[in-house]
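Below is one structure; the comments refer to it alone.
The values are calculated or read from the model by the stated rules, or taken from the named source; none is laboratory data. As the structure is a computational prediction, the values presented were derived from the model and not from experiment. Here Cβ is always computed from backbone atoms with ideal geometry, including for glycine, and neighbour counts include all displayed protein chains. Just so you know, the surface numbers come from the protein's heavy atoms only, side chains and all, with ligands and any DNA or RNA stripped out. Shrake-Rupley method; radii C 1.70, N 1.55, O 1.52, S 1.80 Å.
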Amino acid sequence: MKLKIEPRLSSSWRLSVFIPVFSLAAALFSGGVFLYFMGVSPFQAYRVILTASLGDAYGLSETVVKAIPLTMTGIAVMLSFTMLIWNIGAEGQIFVGAIAATAVVRFFYTDSRAVMLIMMFLAAGAAGGIWATIAGFMKAKWSVNEIITTLMLNYIAMNLLNYFVFGPWRDPSSLGFPMTPPFPDAARLPVFWGTRIHGGLILAMILPLLFWFVLKFTRWGYEIRVMGENPRAAGFAGMNYLWNVVLVMFISGAIAGIAGMCELSGLQGRLQHGFSGGYGFTAIIVAWLARLHPFAIVLVSFLMGILLVGGETLQIVMRLPLSSIMVLQGLILFFVLGGEFFRKYKIRAVGAEEAVHLHAPQSGEEK
């Protein structure tokens, strides 16, 4: 007996619900085994994660704070992934957006908060967009692998940020720590309800709705989806591949750059080493777990926020490294994407006679 993999011609709603739920349960079970071998009780660890992130108003607000940049960068990479352009450089685009926003504060400061925030917003979006467009243009023009170029651009952006915070922009009063002077109040986003939730929340709510509408109801969104599903058919239909790749990468990078600006202006209050916390990389997990759906990205970002806030608490309560939460994230991604295989394909046992028939040459073929 042999096994045969066949595509599913249709997928019932029961299967679409059961497989993700089962995959998540399998990931949590595997994570529990991992935590057990780390020397802690899985039940206690999961209880700490939920209590720290959802147990009170402060924990809930911190979860939302983590979800804001994840939602924005998740939307950024979702847009390029829909076109099968693999933008792995959101982290670097966050960095250059933050650098550009800081440059505006340093060299073009004005006491008007509205003018200041608009200039920071535009500078961060332009910087992140141009940074991503470098890889997009090389991909469309010369078929250079965008995974490699966007990944390498991350390290360039990271070291560019380090140059400024360790060098000419470092705060003389920071006691040697790599950070710029604090932003003036006019360069800070408003915060809400006495928490650390900042104005970036508004963008994180608008972007999913905007790009859901764009991808579903506009001609450009249709072109993006067609190019992602069948680039050759898109070419025969007269769609401009180079222009669309460059435009998609620019917008993707611009959103990530603006996420970096929001993180500085709303939360950090200054440019400093490692301010992102890996949001650009986590966004890749968010986009795939959400199946590239804008509204699902909001939900998955919130769930990832729970893990991040809970993980910080685990470091204190159970003395676990933050990397243990990264392992849980990886397990969730592994099992959910593995579940996607079974949602799209089915495995069927093939009898001996059918196996012989499948491997037998058809009429007209050479024997």
Picking from ARG47, ARG14, which residue would you name as being of a type in the set (Lys, Arg) and within 26 Å of GLY278 (Cβ to Cβ)?
ARG47
Residues in the range 178-211 that are open to solvent by 50 Å² or more (accessible area, probe 1.4 Å) and among the aliphatic types (A, V, I, L, M) total 6
Subset of the range 45-79 [small (Gly, Ala, Ser) and more than 11 Å from the chain's Cα centre (by Cα)]
ALA45, ALA52, SER53, GLY55, ALA57, GLY59, SER61
Got at least one residue in the range 298-314 being of a type outside the set (A, V, I, L, M), in a helix (DSSP H, G or I) and free of Cβ contacts under 8 Å to residues at least 12 places away in the same chain?
no
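Results for (1) small (Gly, Ala, Ser); (2) out of contact with any strand residue (DSSP E or B) (no Cβ under 9 Å at 6 or more places or on another chain); (3) farther than 26 Å from PHE281 by Cα, shown as yes or no for each residue.
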| site | (1), (2), (3) |
| --- | --- |
| PRO182 | no, yes, yes |
| ALA186 | yes, yes, yes |
| THR218 | no, yes, yes |
| GLY228 | yes, yes, no |
| ALA233 | yes, yes, yes |
| MET249 | no, yes, no |
Give ALA126, ALA76 a once-over and let me know the one that is assigned to a helix (DSSP H, G or I), under 30 Å from LEU215 (Cβ atoms) and open to solvent by 30 Å² or more (accessible area, probe 1.4 Å).
ALA126
The range 17-32: number of residues that are loosely packed, with under 15 Cβ neighbours inside 10 Å, at pLDDT 90 or above and touching a helix residue (DSSP H, G or I) at 6+ places or on another chain (Cβ under 8 Å):
0
Scanning for something among the hydrophobic types (A, V, I, L, M, F, W, C), without any contact (Cβ under 8 Å) to a residue 60 or more places away in the chain and surrounded by fewer than 15 Cβ atoms within 10 Å (Cβ to Cβ), does the range 84-107 turn up at least one residue?
yes
Residues located in the range 140-150, provided they are under 29 Å from GLY200 (Cβ atoms) and crowded, with 17+ Cβ neighbours inside 10 Å:
GLU146, THR149, THR150
Among the residues of the range 161-177, the number that are loosely packed, with under 14 Cβ neighbours inside 10 Å and outside any loop (DSSP other than H, G, I, E, B) is 1
Being open to solvent by 50 Å² or more (accessible area, probe 1.4 Å), of a type in the set (D, E, K, R), in contact (Cβ under 8 Å) with a residue 24 or more places away in the chain and under 26 Å from HIS293 (Cβ atoms) is the requirement here; does ARG225 meet it?
yes
Scope the range 261-297; condition over 30 Å from PRO172 (Cβ atoms) and outside any helix (DSSP H, G or I); matching residues:
ALA290, ARG291, LEU292, HIS293
Tell me, yes or no, whether the range 190-201 has at least one residue that is in contact (Cβ under 8 Å) with a residue 24 or more places away in the chain and in a helix (DSSP H, G or I).
yes
Could you check how many residues of the range 47-60 are over 23 Å from ILE284 (Cα atoms) and open to solvent by less than 10 Å² (accessible area, probe 1.4 Å)?
1
